[in-house]
Structures are given as structure tokens and as C-alpha cells.
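The values are calculated or read from the model by the stated rules, or taken from the named source; none is laboratory data. All figures in this text were calculated on a predicted structure; none of them were measured in a lab. As a convention, Cβ positions derive from the backbone with ideal geometry for all residues, glycine included, and neighbour counts pool all protein chains shown. For the accessible areas, the whole protein counts, side chains as well, though only heavy atoms, and no ligand, DNA or RNA atoms are used. Shrake-Rupley method; radii C 1.70, N 1.55, O 1.52, S 1.80 Å.
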Amino acid sequence: MIRFSEVTKLYPGQGEALKSLSLYIPPEQMVFVTGHSGAGKSTLLRLIALMENHTRGQILIDGINIQKVPEKHRYYLRRQIGFIFQDHRLLNDRTVFDNVALPLVIAGYDHKDIPRRVHAALDKVGLLQKEKKRPLALSSGEQQRVGIARAVVNRPPILLADEPTGNLDPKLSIEIMRLFEEFNSIGVTVVIATHEVEMAKALKHRIIALKDGRQINFGAELPNE
């Protein structure tokens, strides 16, 4: 599903965020990417999501070499990936419903189909009764759930989350992680960047540890093929 082969990401004037990184994440796996601030966690997710381009190496998403995908066609590949930000990035002048519906509107879904999909996503995260609220009227945990609903509303096969529990208390953090496990249980590949190593260990999913742009554990070796 996701393969990095000797991938380096260089930010001019800042150095290499990732250094010759090789890893493989098979379909339907739930993975935590851990490491200190600046270890390369967010960069890794942004490369998978095609938000940025890598400098060297090769990245395959579902067998597709993303470097060879023309920019005008990358939009279709991005639609296969849901992304959840730590700071939510919700539109505060829009309702919860409108925030979740936005990816569907942009993708050109039939307007008759949008309410059904939005309601299904909100129901999944327990916010169906708050569809008419504005984000600022919600708690931080609820705002994060809106972000999750928005990321999964078009049912992407890959779900990425960048520090999704960074601003939440431990109880809410576990609730959010259980949601990710539910999505994973129905076949979604889930990759979560987090600095909360102990929580990641407790949930007993695969952990990829990064330090200064390099992998430092053995849990992400390339499989024998």
C-alpha cells in the first residue's frame, strides 16, 4: 500500500527532514509513527498525502510511483487519502455539516448524495446532533471529531493523522484512538504521527520510530518479496 525506498526530503536552508528512509506499510494496517519534535513525523505524512514532494528516492502508493504522476492527475490520488490535522483547520464561519461536506463539494459529488454521507460520518464520530453548530461552540475533542468526520466522509482507503491527540486529555485521547481502530477494522489503512509513545505501545499496534529523519527501530523493515 505505502512504500518508501531510500526517501530523502530536503528543506533548503533547513537541512534534511528525512534521510534515506525505507519502509513498507501494507494495506489495512494501523501504524504509529513516533519520535521527538523535528524527527520527521509530519514530513512523512505530508509526503504520503502528496502535500509536498520528496527530494530523492521513490514513494509508491498502492503501487503507483507518485513522482511519475502528473500534477493535474494528483488530485485523484489525493482523494484516496484522508488527512487529520492537530489544529483541526476547521472553517469557523461554517457549520459542522458544511465543514464535513466540503471535501464532497470540492470533489463534485451529487448534492442529493452529500447529506447522507455527511450524516453517516457525523454519526460515526458521535456528533450527528451537532451538525448545525459552529466549530467554536464545540469542545476541543469535538472539534477533533469533526476533523475526523471530514477526513473519512468520502471513505478513503488511507487515513493519516498528525498528532491528533496532542491537545486532548488522556481519556479523550483514548476515545479518539478507538475511533481510528474502528476505521482500521473495516479495512482502512491508518497512519498516526504521535509523540505519545507510551499510549502507542499500550494500543499494541505497529510502531515506526524516527530520530533525526531516520528510522531507529526494526518494526518497519521492507518485507521479503
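Where in region 148-182 is the amide nitrogen less than 13 Å from a point lying 7 Å along the Cα-to-Cβ axis of Ile64? Correct set: 157-158.
Between the listed residues Gly35, Ile192, Leu90, the Cα displaced farthest toward the positive end of the dipole of the chain, a dipole computed from Cβ unit charges relative to the Cα centre, is found at Leu90. The overall shape of region 3-76 is oblate: from the C-alpha gyration tensor, with semi-axes ordered a ≥ b ≥ c, the ratio a/c is 1.5 or greater and a/b is no larger than b/c. Between the entries (i) 12.8; (ii) 14.3; (iii) 16.2, the label attached to mean projected area of the Cα convex hull in nm² calculated for this structure is (i).
Once the chain from His111 to Ile174 is taken as fully extended at 0.36 nm per residue, the excess over their C-alpha distance is 19.2 nm. Taken over the alpha carbons of region 99-225 as equal point scatterers, the Debye sum produces base-10 log I(q)/I(0) values at 0.10, 0.14, 0.18, 0.23 Å⁻¹ of -0.38, -0.70, -1.03, -1.44.
Shape descriptor for region 36-113: Rg over Rh equals 1.03 (Cα atoms; Rh from the Kirkwood inverse mean 1/r).
Under a 5 Å amide H cut-off, with hydrogens placed 1.01 Å from N, Val33 pairs with Ile192, Ala193, Thr194, Ile208 among residues at least 5 apart or on other chains.
Take the Cα of Asn53, step 7 Å toward its Cβ, do the same at Arg94, and the gap between the two points is 2.8 nm. Looking at the chain, the accessible area is 50 square angstrom per residue; that uses a 1.4 Å probe and ignores ligands, DNA and RNA. Between the alpha-carbon centres of region 1-56 and region 72-109 there is a gap of 22 Å.
The phi torsions of region 78-87, fed into the Karplus equation with coefficients 6.51, -1.76 and 1.60 and a -60° offset, translate into couplings of 4, 5, 8, 10, x, 10, 10, 9, 5, 8 Hz, rounded to whole numbers, with Gly and Pro shown as x. In this entry, region 117-184 is assigned a mean projected area of 4.5 nm², taken as a quarter of its C-alpha convex hull surface. The protection proxy used here, the mean number of other Cβ atoms lying within 10 Å of each residue, ranks peptides 104-113, 186-195, 13-22 as follows, highest first: 186-195, 13-22, 104-113. Here the accessible area of the chain is 50 percent carbon and sulfur, with a 1.4 angstrom probe and all protein chains present. Beyond a 32 Å Cα-Cα separation, which of these cross-linked pairs lie in this structure: Lys19/Lys201; Lys112/Lys133; Lys132/Lys211; Lys9/Lys171? Violating the 32 Å limit, Cα to Cα: Lys132/Lys211; Lys9/Lys171. Charged side chains reduced to their Cβ positions (Lys and Arg at +1, Asp and Glu at -1) give region 78-225 a dipole of some 400 debye around its Cα centre.
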